[in-house]
Amino acid sequence: MQFIAKLVYFLLCAIGLVICVLAVAFAGHHYSQINNFTCEPIGEMESCVCKLDPMDPIARTFEYRDVKDCSTITTTLKLYFLLQIALNLTLAIVCLIGCFVMWKHRYQVFFVGLQLNSANEQKQQKV
């Protein structure tokens, strides 16, 4: 039962590590996109339209509805992505440490062979 618990703990830490690294990559990609946004308000419906390249007529556009101030997209959303990157990176490090501790606990013992007694006939110690 103890082996199964350790195996499940290790597997969950490894899966958590992969998920956290993917989340960091996802948030980092969106953070880099938001750094290149140019946003402008559209109409009276309180919405903002943001583009990656304002000179490109077929550039991908993002519409944010119910936004009174377009600067909140380029400032507040950046902070949320940075916070998400920091928290997921912290959790990835915790999962990596969990994996390392379980791996080391399992494989830290190395069997190098039999120890031969010396000519002095040393007493064996009980552990």
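The values are calculated or read from the model by the stated rules, or taken from the named source; none is laboratory data. Everything numeric here is computed off the predicted structure, so don't read it as measured data. Heads up, the Cβs are rebuilt from the backbone with ideal geometry, glycines too, and the neighbour counts pull from every protein chain shown. The protein model used for the area step is the full one, side chains on, heavy atoms only, and it has no ligands, DNA or RNA in it. Shrake-Rupley method; radii C 1.70, N 1.55, O 1.52, S 1.80 Å.
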Original post:
Residues of segment 34-78 being open to solvent by less than 40 Å² (accessible area, probe 1.4 Å), part of a helix (DSSP H, G or I) and among the polar types (S, T, N, Q), which ones?
Top reply: THR74
Subject >> Pair list, Cβ < 8 Å and 6+ apart or interchain, from segment 63-86 residues that are within 13 Å of GLU44 (Cα to Cα) to residues that are assigned to a loop (DSSP other than H, G, I, E, B) and not hydrophobic (A, V, I, L, M, F, W, C) >> reply: ARG65/GLU46; ASP66/GLU46; VAL67/GLU46; LYS68/GLU46
Original post:
If VAL8 passes every condition in (1) touching a helix residue (DSSP H, G or I) at 6+ places or on another chain (Cβ under 9 Å); (2) open to solvent by 60 Å² or more (accessible area, probe 1.4 Å); (3) over 26 Å from LEU83 (Cα atoms) but one, which one does it miss?
Top reply: (1)
Subject >> Cross-chain or 6+ apart pairs with Cβ under 6 Å, segment 3-16 first and outside any helix (DSSP H, G or I), then of a type outside the set (Asp, Glu) and open to solvent by less than 70 Å² (accessible area, probe 1.4 Å) >> reply: none
**OP:** Select from segment 1-58 the residues that are polar (S, T, N, Q) and touching a Leu at 6+ places or on another chain (Cβ under 9 Å) and list them in ascending order.
**Re:** GLN33, ASN36, THR38
